[in-house]
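K.L.:
Shown below is the structure under consideration.
Quick note: the coordinates plus some simple rules give every number you see, no bench work behind them. From a predicted model like this one, the values you see are computed outputs, not experimental measurements. Here the Cβ is made from the backbone with ideal geometry for all residues, glycine too, and neighbour counts use every protein chain on show.
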Amino acid sequence: MKKFFAKILFFIPLILTLVGINYCIDPGNIFHQNYVNAIAKDLLNGKNVTNIQNYDERMLQKSFIQKTQKKPEVIVLGSSRVLLIGNNIYNNKTCLNSGVSGAGIEDIFAIYNMLLKKRFKPEKLIIGLDPWMLNDNRKHEGFRSIENDYIEMMKRLNFPVSSQNSSAAAFKKVTEIISLQYLQESIKYIKENGFHKIMPTATDNSDNKKRTILFNGSISYDEDLRKSSALLVETRAKKYLQGEIYGVNDLTEYSTARKSMLSSFFDLLKRENVEVTLFLAPYHPIVYKYFKENRKFSAVLETEKVYRELAAQKGFSVIGSFDPEKLDLNNSYFYDGMHCTPQALTKIFNAEAN
């Protein structure tokens, strides 16, 4: 028994050291809200923000929306595939891009609920829809940090839903604070930056060496990505098809339940008299060709039909298409397999306006 307790006493300092390093260094900014608040503060002051590292995009949206007093005329919701939409498209309107990477309909519902609580009803709402948003098999946990707002929206729509927020969020923090992998990330951070926490940098420049969040919530990619050669873009598109294709690898059929949820959400927007446009971001030509030629991905193509049918039923307009050929977009209009350039967006939106 004494040997057993001796072993425990030996490991306690090691565990406490691991916990202390992971908590204090916190390379993923999981335990400290001040990083997100610093970004939000600069954005609220009309600055762009660069030199950003790991952070919770959803909590940034919550922090920004709670604190801003400027009611936007145009609001953009969706995944990373909408993050380039801003004043480059709506230059005569005040615009807020509230997109988040990997967004599901849960994120769209949650963030719009934040806007409702702020009484921010936009003149125009752009909603980016992706095939994976109708995928019941997709394991999406990214929205958990704003799950309470998702639940509130589901209640507004009269859909029953149970909360996993407290247990899921707490479990994630516990596992990370004692994680050896997180310790490796902490040590790597110390080697690169020392014990000094690198905070985001406010700037008036929109294009910088590193990825930049613009004052309206849209982004400008890092310099390397912006200057990608045609060959590198094509290589990225081909690599995108290797292994699991993001969000749709297990999309065997579209979810009627998720379609129903979207339909109810659209009805709420109609009652609010919001002008809604659904945006379908194109895939790279190599990727879309692969979808068309492989029956396994027939449901991906079908989701566009579902979205267009919903738009027609609700009287919403639709901009874009998952099919780049319909938009006359070639390799030069893309960064990788599923993200198009600002030039592509300008072309798409201008075509709809004419």
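K.L.:
Kindly indicate whether residue 280 is in contact with a strand residue (DSSP E or B) (Cβ under 6 Å, 6 or more places away or on another chain) and within 20 Å of residue 73 (Cα to Cα).
P.N.:
For residue 280, the condition - in contact with a strand residue (DSSP E or B) (Cβ under 6 Å, 6 or more places away or on another chain) and within 20 Å of residue 73 (Cα to Cα) - is not met.
K.L.:
Could I ask something else about it? Tally the residues that are exposed (fewer than 14 other Cβ atoms within 10 Å of the Cβ) and either touching a Pro at 6+ places or on another chain (Cβ under 8 Å) or not in a helix (DSSP H, G or I) (or both), restricting the search to the range 227-249.
P.N.:
5
K.L.:
Residues of the range 306-345 being farther than 19 Å from residue 230 by Cβ, in contact (Cβ under 8 Å) with a residue 60 or more places away in the chain and over 20 Å from the mean Cα position of the chain (by Cα), which ones?
P.N.:
Residue satisfying the conditions is 306 alone.
K.L.:
Out of the range 133-143, which residues are surrounded by fewer than 24 Cβ atoms within 10 Å (Cβ to Cβ) and touching a Lys or Arg at 6+ places or on another chain (Cβ under 8 Å)?
P.N.:
Passing the criteria: 136, 142, 143.
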